[in-house]
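J.: Here it is: the structure, laid out below.
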Amino acid sequence: MGHSTRQNGSHRGRRTTVPLALVSCALLVVSVLAVAPALATNQGSVGSPGVSGTTNGVWWTPDSTWRVAKASLGSSYFTGVTNALLNEYNPTDLTVYQYSTTSCTQETCAMDSDYGNNGVYGWNACYPGATSGSHPNQTCSNDWVRFNTYFTPPSPGHSYVSCHELGHAVGLRHSSENASCLRTVLAGGNTAALTSHDRGHINSHY
């Protein structure tokens, strides 16, 4: 979840052998771009625009009015995205509008599909929009948040992945806080929420 929500596997190029007991717990490891380490100060754009690969990055929206299109989402991610926007992002200084649509003309387009065993639950790409400014304050006019239905994430699952990937679309990098949905590692039962630290980053920018 550059910024992709990873299934079991490598983290920063390290190969990890996972015991079967841990596999059954569906431990989620999130890959991190070399230029975007997991920090308590987890804000700022990073990455290259485009749709190649599954590690595209983090961008700010152009302004505080954030329009999110729920484009042909299945029921699980439709609910996850809806709840994340209403409960986590709308209470911030962002003004959130969400739409059910089949088009991707809004600032952020959330979609899901079976992308196969590509190692990630979801990722964010600045596409097909244009960027403005330079990192770490670069904005993206239109980005795609994609969720991979090939994997079923552990509880709280779809809500966590939705909160995580949507955070990358509004300028939040990976977090080292255990209570944050932007954290780099998820095991079943962990949080699907923003922390006050995450909200502070959003509010200070927008």
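The values are calculated or read from the model by the stated rules, or taken from the named source; none is laboratory data. Because the structure is predicted, anything quoted here is derived from the model rather than measured. Neighbour counts run over all protein chains shown; Cβ positions are idealised from the backbone, glycine included.
J.: Answer yes or no as to whether N118 is modelled with pLDDT of 95 or more, surrounded by fewer than 24 Cβ atoms within 10 Å (Cβ to Cβ) and not β-branched (V, I, T).
T.: no
J.: Test D93 against the stated conditions and say whether it is in contact with a His (Cβ under 9 Å, 6 or more places away or on another chain), part of a loop (DSSP other than H, G, I, E, B), surrounded by fewer than 16 Cβ atoms within 10 Å (Cβ to Cβ) and modelled with pLDDT of 95 or more.
T.: Yes, satisfied.
J.: Output the number of the condition that N87 fails; it satisfies all remaining conditions of (1) at pLDDT below 65; (2) surrounded by 13 or more Cβ atoms within 10 Å (Cβ to Cβ); (3) out of contact with any strand residue (DSSP E or B) (no Cβ under 8 Å at 6 or more places or on another chain).
T.: That leaves (1) as the condition not met.
J.: Moving to a separate point now. How about the stretch 153-179: which of its residues are more than 21 Å from S64 (Cβ to Cβ) and of a type in the set (S, T, N, Q)?
T.: Hits for the stretch 153-179 are S155, S159, S175, S176, N178.
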